[in-house]
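Beneath this line is the structure, given in structure tokens, with notes to follow.
The values are calculated or read from the model by the stated rules, or taken from the named source; none is laboratory data. Given the structure is predicted, the values throughout are model-derived calculations rather than measurements. As a convention, Cβ positions derive from the backbone with ideal geometry for all residues, glycine included, and neighbour counts pool all protein chains shown. Note: accessible area is taken over every heavy atom of the protein model, side chains too, but ligands, DNA and RNA are not part of it. Shrake-Rupley method; radii C 1.70, N 1.55, O 1.52, S 1.80 Å.
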Amino acid sequence: MKSAITQLLGIQYPIFQGGMAWIAESTLAAAVSNAGGLGIIAGGSAPIDYLREQIRRCKSLTDKPFGVNIMLMSPNAQELAQLVVDEKVPVVTTGAGNPGKFMAAWKEAGVKVIPVVPSVALAVRMERAGADAVIAEGTESGGHIGENTTMCLVPQVVDAVSIPVIAAGGIADGRGVAASFMLGAQGVQVGTRFLAADECQIHPTYKELVVKAKDTDSVVTGRYTGHPCRNVRTKFTKKLASGEKDGSLTPDEFEQLTLGSLRKAVQDGNLEEGSFLCGAIAGMINDIKPAKEIIEEMFAQADKLLGK
Ligand code: TUI
């Protein structure tokens, strides 16, 4: 399937694997890139030496383009911004902030820059700053989210900018891909579906939670901290939600309790203290299979629906 995004990046399918913090490492990213999509390594708040090693490992596993996601709230964002230049990473995506101050250096180094935007205003600012494309991410996404939905946000961003738009949030099969194209997107970013990829290195308990989740099992916690986050409903999210509701947890105490909770989910499968981030589409994901199968099935279905 060709689009402005496949042409811009030299990839076969217009699909990005979400840059999920603590989750998206070189094995998963290389599998997605080898399957014809754009695999992405998450910077998160990992140490720079670890990320350098992950980038080099990804280069050894694939000769296809891949990207690095920079979480702009991370204390290492500046260092990682330089690392992607030094390592000649072909594509950078950003999240959780405005990457404006890094843009000139990336453009000069020939890095393709594709920020995640939760609003039309930021999309317009990113286009003016020189972004090659934007990812319009709806509140259906897992992890740190904005307020608007994919269905409402994507067409409004498409109308507001001339650069290609990638839809994200709630996309896990060919129907979601076809719908995104109907909204004017030129590609999709998919996170939650890849949690249930064979190559995804998360704890088996995490995969099981995603596969077993029903439509009502994703919950948003922490709205009152200013960093709302979508997770699988667990004992831990129930505790957080009641602390938020009855005032027994201040926003600061909430932040303290969730510090390190993503690592506890990803590495330990800890149901008592881990945050199992996932999108609202988790209820539709019922099996674990190779990334290549996920992508090929998605685009075979989308092609059929789009009448190609
Ligand atoms: O970034 C994400 N998802 C994430 S990041 C993450 S790790 C984390 N750790 C601690 C606190 C918060 C997160 C887990 N999931 N998605 C992309 C995304 N970007 N969603 C929303 C935004 C966003 C929000 C505001 C992007 C730009 C923005 O700009 C505000 C401004 O400065 O104009």
Of the candidates Ile171, Ile135, Ile163, the one satisfying the condition of being within 24 Å of Gly10 (Cα to Cα), in contact (Cβ under 8 Å) with a residue 40 or more places away in the chain and in a loop (DSSP other than H, G, I, E, B) is Ile171
Only residues that are of a type outside the set (Gly, Ala, Ser), assigned to a helix (DSSP H, G or I) and touching a residue at least 24 places away in the same chain (Cβ under 8 Å): list them for the range 32-58, please.
Val32, Asn34, Ile48, Leu51, Arg52, Gln54, Ile55, Arg56, Arg57, Cys58
Is the range 144-157 home to any residue that is touching a residue at least 40 places away in the same chain (Cβ under 8 Å) and more than 16 Å from the ligand (Cβ to nearest atom)?
no
Hits in the range 143-160 - residues which are part of a helix (DSSP H, G or I) and not β-branched (Val, Ile, Thr):
Met151, Cys152, Leu153, Pro155, Gln156, Asp159, Ala160
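Conditions tested, residue by residue: (1) over 25 Å from Ile171 (Cα atoms); (2) out of contact with any Lys or Arg (no Cβ under 9 Å at 6 or more places or on another chain).
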residue: Gln12; (1), (2): no, no
residue: Glu25; (1), (2): no, no
residue: Val32; (1), (2): no, no
residue: Leu38; (1), (2): no, no
residue: Phe66; (1), (2): no, no
residue: Leu83; (1), (2): yes, no
residue: Asp86; (1), (2): yes, no
residue: Val91; (1), (2): no, no
residue: Gly95; (1), (2): no, yes
Filtering the range 68-91 down to residues that are within 13 Å of the ligand (Cβ to nearest atom), buried (at least 17 other Cβ atoms within 10 Å of the Cβ) and more than 16 Å from Tyr50 (Cβ to Cβ) yields Leu72
Return yes when Met1 is within 12 Å of the ligand (Cβ to nearest atom), open to solvent by 10 Å² or more (accessible area, probe 1.4 Å) and not aromatic (Phe, Trp, Tyr) and no when it is not.
no
Return yes when Ile23 is over 17 Å from Val188 (Cα atoms), touching a Cys at 6+ places or on another chain (Cβ under 9 Å) and not in a helix (DSSP H, G or I) and no when it is not.
yes
Within the range 287-308, work out how many residues are within 22 Å of the chain's Cα centre (by Cα), open to solvent by 50 Å² or more (accessible area, probe 1.4 Å) and among the small types (Gly, Ala, Ser).
0
Restricting to the range 98-117, name every residue that is open to solvent by 10 Å² or more (accessible area, probe 1.4 Å) and outside any loop (DSSP other than H, G, I, E, B).
Gly100, Lys101, Phe102, Ala104, Ala105, Lys107, Glu108, Lys112, Val116
